Amino acid sequence: MDTLARYPPMAVGLVLLLITVVPLAQGDTSATITAKPAYLGVKGESYDWATVTYESGNPSPSDWIAVFSPASFNGSLCLEDLNGTAHKKLHEPYICSAPVKFQYANFSNDDYVTTGKGSIRLRLINRREDYSFGLYTGGFDNPVLVAVSNKVQFANPKAPVWPRLAVGKQWDEMTVTWTSGYSAAEARPIVWWKSEEDSDWKVTVAVTITYTRSDLCGPPATTVGYRAPGYFHTAFLKDLSPSSRYYYKVGHKIGKKYIFGEEVNQFLSAPYPGEDSVQRIAIFGDMGKLDRDGSLVYNNGDPGALNVTDALVRDINNIDLIIHDGDITYADGYLSEWDQFVEQISNITKRVPYMISAGNHERDWPNSGSFYKPVDSGGECGVPTSKTFNMPAVNKDKLWYSFDWGMFHFCIGASEMDWRVGSEQYRFLEECFASVDRQQQPWLVFVAHRILGYSSASDYQALGTFAEPMARENLQPLWQKYKVDLSIYGHVHGYERTCPVYQSNCVGDETSNYTGTFNGTIHLTVGTGGRELEDFGTLNTTWSLVKDSSHYGYLLLTASDHQNLLVEFKATDGTVADSFKINRKYMDVLGCDASLAPICPDTTSADL
C-alpha cells in the first residue's frame with residue numbers, strides 16, 4: 001500500500017512534512033498508526049480521550065508510542081542536543097522533539113508482540129496545539145520512527161483553561177491566573193466575578209505575559225525540552241469582603257464575542273487579619289506529576305503525586321489555602337510538563353489559593369543568580385515557575401514574599417537564593433518577622449524549600465550539618481528573637497518533626513501538647529507530596545521526635561482561635577500519621593509576662 005494512502009486527506013500535508021524531516025525506517029512500510037477522534041473537547045472540555053491504534057509487521061517488546069504536540073515534530077535520534085551538550089545529561093528517549101508523553105506498545109496489549117496489533121486510550125489535555133502520534137522501535141535509547149499518525153486537535157485549542165487562585169499583596173485581594181493560546185493582541189483577557197450577594201457581574205481586565213526560549217538558561221529547556229508555553233493571564237480582584245463567597249469565570253473578549261472557560265468557579269475570600277474563626281492551611285512539598293492514563297514522561301519519579309492531589313481534592317471543603325513548598329513539577333526543562341502539572345491540580349487551584357515557593361528543581365542553574373550551582377532546573381532557572389503562578393513577591397525572580405490569612409502570618413523564603421546575614425533576603429525575613437502584629441496574628445510561620453533548620457536526612461547527616469550548611473547559624477537567631485512558631489520545609493522526601501529546638505537542644509519536655517510560653521521553633525519537613533519517598537539517616541538525634549518515610553500526604557494547620565493551633569500530618573488514606581497541639585496565650589509572643597501583664601492588653605483586637 002502507498003504510504004500516504006493510510007492517512008486521511010487532512011493529514012497528508014503533515015505526513016509529507018514529517019517524512020521529509022524524519023525518514024521512516026527502511027523495511028517497515030507495513031507499520032501503521034492512526035488516532036481518533038479528529039476533534040477533541042467538542043463540548044468545551046479541557047481534556048478528552050483519544051484512541052490510538054497501531055500495527056507492525058515486525059513487533060518487538062521495546063516498541064513504544066510517542067505523543068507529540070505540536071503535531072509537526074522532529075523524531076530523529078538526538079544523542080546531542082542542539083547546543084552540542086551530550087544528551088547523557090538529559091533523559092531517554094533521545095529524540096529531537098521531546099514527546100509530551102510516551103508508553104510501550106504492549107502496555108494494554110499483552111499479545112502485541114505476537115500479533116503486531118494494539119491500541120491504547122490516551123488522555124489528552126488542551127495544550128493549545130494539535131497532536132500526532134509516532135510508533136517507534138529500538139526502545140528509548142536507540143529510537144527509530146516507523147509510522148506517524150494523522151493529527152487530532154481540540155475544537156478550540158486556544159481556550160482559557162486551568163484557573164489558579166492566589167492571595168494578592170493585600171489580604172483583601174485575590175489574583176486569578178489562567179493559561180490560554182490568546183495573545184493580548186488577539187483577545188482581551190477578562191474575569192467576570194461577583195459576590196454571593198451581588199446580582200450583576202463585575203468585569204476585571206487581566207494582564208498577559210509569556211516567555212520564550214531566549215528567557216531560559218540552558219538545555220534541555222532551551223533545546224529538546226522547549227515547548228511554547230502559551231500565554232498567562234492574571235486578574236487582580238480587589239477590595240474583597242472578608243470570609244465571603246465569590247463566583248468567577250475566566251475568559252477572553254474578541255470583538256463583541258466572549259469565550260469563557262469550562263465553568264463558573266467559586267472561592268472564599270481571606271478572613272480579616274486577626275479574625276477569630278476556624279482557619280485551615282495545607283502545606284507540602286515535592287509533588288511532581290503522574291499521568292492518569294498511565295503514560296510515562298521525562299524524569300518520571302513521582303508515584304504519589306496523584307494520590308496526594310486526589311486527597312486534597314477530597315478534603316478541599318476543609319482547606320482554606322494551600323502552600324506548595326517547592327519542587328513543583330520536576331519538569332527539569334521539559335516544559336510540556338508544566339501544562340500537565342497545572343491541569344493535574346486544577347480542581348484544587350480553582351477553589352482555594354495555591355501559594356508556592358521555588359525549589360532546586362525550579363531554580364538552580366549555574367550563573368543564573370541562584371545560590372546553588374547544580375543544574376537541577378534543567379535550564380528553567382525559575383522562569384516557568386514565576387510566569388505560571390502569580391505570587392505577591394516584589395521581584396518575581398526572587399521568590400520571597402509574605403502574606404496574611406486571618407490569624408496566620410506567613411513568611412515565604414526562597415531557599416535557592418542567598419539567605420545569609422546581610423543578604424537582601426535576610427533583610428526581608430527580619431522585616432517579615434518583626435512587622436507582624438502578634439496581637440492580631442499570633443501564628444507566625446516560616447516556609448522554605450531546602451531545610452534551613454533541622455533534618456535527619458542521610459545527605460545532611462553525611463555532611464555533619466543536619467541541615468543546609470550555614471543555615472541555622474544565620475537564621476536561628478531570627479526565629480528565636482521573633483518567636484517563630486513553625487519552620488516548614490520540603491526537599492527531603494519524607495516527614496519529620498522536631499521538638500521546640502534552639503541551638504540543637506530541645507527547650508522543653510513536652511512532645512505533643514505544647515503549653516505555656518514560647519521556648520523555641522518547631523521544625524517540620526513535609527516533602528511528601530508525591531516524589532519517591534526516601535529513608536532517613538541511621539543516627540537518631542535528641543531533637544528529632546517523629547520520622548516517617550512511609551506516608552505520602554500533607555500538613556494541615558488548624559487555628560481554632562488565638563491561643564490554640566492543631567498541626568496534623570494527614571496521609572492520603574485520610575488517617576492522621578502525626579499530630580500535636582500548641583496552646584499559648586498571645587501575651588507571650590507580645591513579650592508580656594506576669595510582671596508586665598498589667599500593661600499588656602487583656603484581649604486581642606478580634607475580641608474588641
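The values are calculated or read from the model by the stated rules, or taken from the named source; none is laboratory data. Just so you know, these numbers come straight off a predicted model, no measurement behind them. Using ideal geometry, Cβ is built from the backbone for each residue, glycine included, and neighbour counts are taken over all protein chains shown. These area figures cover heavy atoms from the full protein model, side chains too; ligands, DNA and RNA do not enter into them. Shrake-Rupley method; radii C 1.70, N 1.55, O 1.52, S 1.80 Å.
How many residues does the range 524-535 hold that are touching a helix residue (DSSP H, G or I) at 6+ places or on another chain (Cβ under 9 Å) and either open to solvent by 10 Å² or more (accessible area, probe 1.4 Å) or closer than 25 Å to residue 509 by Cβ (or both)?
3
Specify which of the listed residues (369, 422) is outside any helix (DSSP H, G or I) and within 22 Å of residue 333 (Cα to Cα).
Values: 422 fails: within 22 Å of residue 333 (Cα to Cα).
Selected residue: 369, the only one of 369, 422 that is outside any helix (DSSP H, G or I) and within 22 Å of residue 333 (Cα to Cα).
Would you be able to say whether some residue in the range 205-223 is over 24 Å from residue 399 (Cα atoms), open to solvent by 60 Å² or more (accessible area, probe 1.4 Å) and at pLDDT 95 or above?
yes
What pairs come out if I take residues in the range 557-575 that are open to solvent by 50 Å² or more (accessible area, probe 1.4 Å) and pair them with residues that are part of a loop (DSSP other than H, G, I, E, B) and of a type outside the set (Gly, Ala, Ser) whose C-beta lies under 7 Å away, six or more apart or interchain?
560/278; 563/584; 563/585
Return yes or no: is residue 227 among the basic types (Lys, Arg), assigned to a loop (DSSP other than H, G, I, E, B) and crowded, with 20+ Cβ neighbours inside 10 Å?
Details: among the basic types (Lys, Arg): yes; assigned to a loop (DSSP other than H, G, I, E, B): yes; crowded, with 20+ Cβ neighbours inside 10 Å: yes.
Here the answer is yes, as residue 227 does meet what is asked.
From the residues in the range 512-523 that are in a loop (DSSP other than H, G, I, E, B) and more than 32 Å from the chain's Cα centre (by Cα), which one is surrounded by the fewest Cβ atoms within 10 Å (Cβ to Cβ)? Reasoning before the result, please.
Keep residues of the range 512-523 that are in a loop (DSSP other than H, G, I, E, B), which gives 512, 516-520.
Now drop any that are not more than 32 Å from the chain's Cα centre (by Cα), which leaves 516-519.
Working: 516: 11, 517: 14, 518: 19, 519: 18.
It comes out as 516.
Which one is farthest from residue 518 (Cα to Cα) among residues in the range 481-490 that are open to solvent by 10 Å² or more (accessible area, probe 1.4 Å) and part of a loop (DSSP other than H, G, I, E, B)? Show your work before the answer.
Filtering the range 481-490 for residues open to solvent by 10 Å² or more (accessible area, probe 1.4 Å) gives 481-483.
Checking the rest, the ones that are also part of a loop (DSSP other than H, G, I, E, B) come to 482-483.
Values: 482: 10, 483: 7 Å.
Across the range 481-490, the extreme among qualifying residues is 482.
Since residue 219 meets every condition but one in (1) touching a residue at least 24 places away in the same chain (Cβ under 8 Å); (2) in contact with a strand residue (DSSP E or B) (Cβ under 8 Å, 6 or more places away or on another chain), which condition does it not meet?
Going through (1) touching a residue at least 24 places away in the same chain (Cβ under 8 Å); (2) in contact with a strand residue (DSSP E or B) (Cβ under 8 Å, 6 or more places away or on another chain) one by one, residue 219 breaks only (2).
Here's the yes/no breakdown for (1) touching a strand residue (DSSP E or B) at 6+ places or on another chain (Cβ under 9 Å); (2) surrounded by 14 or more Cβ atoms within 10 Å (Cβ to Cβ); (3) modelled with pLDDT of 95 or more:
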site: 5; (1), (2), (3): no, no, no
site: 26; (1), (2), (3): no, no, no
site: 66; (1), (2), (3): yes, yes, yes
site: 80; (1), (2), (3): yes, yes, no
site: 85; (1), (2), (3): no, yes, no
site: 94; (1), (2), (3): yes, yes, no
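Collect the residues in the range 355-385 that are surrounded by fewer than 23 Cβ atoms within 10 Å (Cβ to Cβ) and either of a type in the set (Val, Ile, Thr) or under 12 Å from the mean Cα position of the chain (by Cα) (or both), keeping them in residue-number order.
375
Tell me which residues, restricted to the range 205-219, are assigned to a loop (DSSP other than H, G, I, E, B), touching a helix residue (DSSP H, G or I) at 6+ places or on another chain (Cβ under 9 Å) and of a type outside the set (Ser, Thr, Tyr).
Initially, the range 205-219 is screened for residues assigned to a loop (DSSP other than H, G, I, E, B), giving 206, 210-212, 216-219.
Right, trim to touching a helix residue (DSSP H, G or I) at 6+ places or on another chain (Cβ under 9 Å) and you get 210-211, 216-217, 219.
Across the range 205-219, the qualifying residues are 216, 217, 219.
Only residues that are hydroxyl-bearing (Ser, Thr, Tyr), open to solvent by 60 Å² or more (accessible area, probe 1.4 Å) and assigned to a loop (DSSP other than H, G, I, E, B): list them for the range 491-511, please. Break it down into steps so the answer makes sense when it comes.
Of all residues in the range 491-511, those hydroxyl-bearing (Ser, Thr, Tyr) come to 495, 498, 502, 504, 511.
Those still in the list that are open to solvent by 60 Å² or more (accessible area, probe 1.4 Å) too: 502, 511.
Answer for the range 491-511, where residues must be hydroxyl-bearing (Ser, Thr, Tyr), open to solvent by 60 Å² or more (accessible area, probe 1.4 Å) and assigned to a loop (DSSP other than H, G, I, E, B): just 511.
Can you list the strands (runs of 3 or more DSSP E) lying wholly within the range 259-347 that have 1 or more residues being touching a His at 6+ places or on another chain (Cβ under 8 Å) and at pLDDT 95 or above? Break it down stepwise before answering.
Numbers: elements: 265-268, 279-284, 321-325.
Of the strands (runs of 3 or more DSSP E) lying wholly inside the range 259-347, those with at least 1 residues that are touching a His at 6+ places or on another chain (Cβ under 8 Å) and at pLDDT 95 or above span 279-284, 321-325.
Anything in the range 425-455 that is part of a loop (DSSP other than H, G, I, E, B), open to solvent by 10 Å² or more (accessible area, probe 1.4 Å) and closer than 20 Å to residue 358 by Cβ? List them, or say none.
Matches in the range 425-455: 450 only.
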